[in-house]
Amino acid sequence: MTRDPNTSHVQGVQINGGTQNGPVTGGPGAQTVVHYGPSGLPPAQEGLLRAIAALRAELAERPRGVDDVTAQGAEIALDEAESEARRKQPRPGVLRLRVAGIATALGHVRELASGVSAVHGAFESFLSS
């Protein structure tokens with residue numbers, strides 16, 4: 001086989017365009033070890049699901065400022081975020097929109113601010129994992 005002089009030969013992992021979420025390994029003898037939690041999901045994904053569940057529990061206590069319409073909108077936003085976060089490979093862009101939907105629905109409720117922040121922090125941890 002003749003090499004094209006206008007190309008170069010590179011060994012290892014090459015990613016052209018897009019985003020890689022998850023482990024990447026390259027080179028001779030390279031290995032990747034991924035630890036999964038009890039649910040079979042990566043720890044950062046489990047953390048996001050725990051944060052969503054905790055916020056849902058706080059919402060169920062109906063703090064001040066949460067009327068029926070707010071609660072219903074928040075439940076929909078939480079359901080959508082949880083559904084995406086449970087996927088085998090959650091789509092980061094879709095998940096970002098779902099987390100933003102939670103903030104939109106509950107961002108004005110002072111009593112839930114720490115829970116909303118926890119979901120956002122868990123989402124950021126998921127992205128960086």
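What follows draws every value from the coordinates through simple rules; no lab data is involved. Model, not experiment: these values are computed from the prediction. Here the Cβ positions follow ideal geometry from the backbone for every residue, glycine too, while neighbour counts run over all protein chains shown.
Observations on the structure shown:
- Computed extension length for Ala54-Arg91: 11.1 nm, one decimal, from 0.36 nm per residue of separation with the Cα-Cα distance subtracted.
- Residue-by-residue Karplus 3J(HN,Hα) for region 43-55, coefficients 6.51, -1.76, 1.60, Hz, glycine and proline x: x, 5, 5, 4, x, 5, 5, 5, 5, 5, 5, 5, 5
- Most to least packed among 63-70, 109-116 [average Cβ atoms within 10 Å]: 109-116, 63-70
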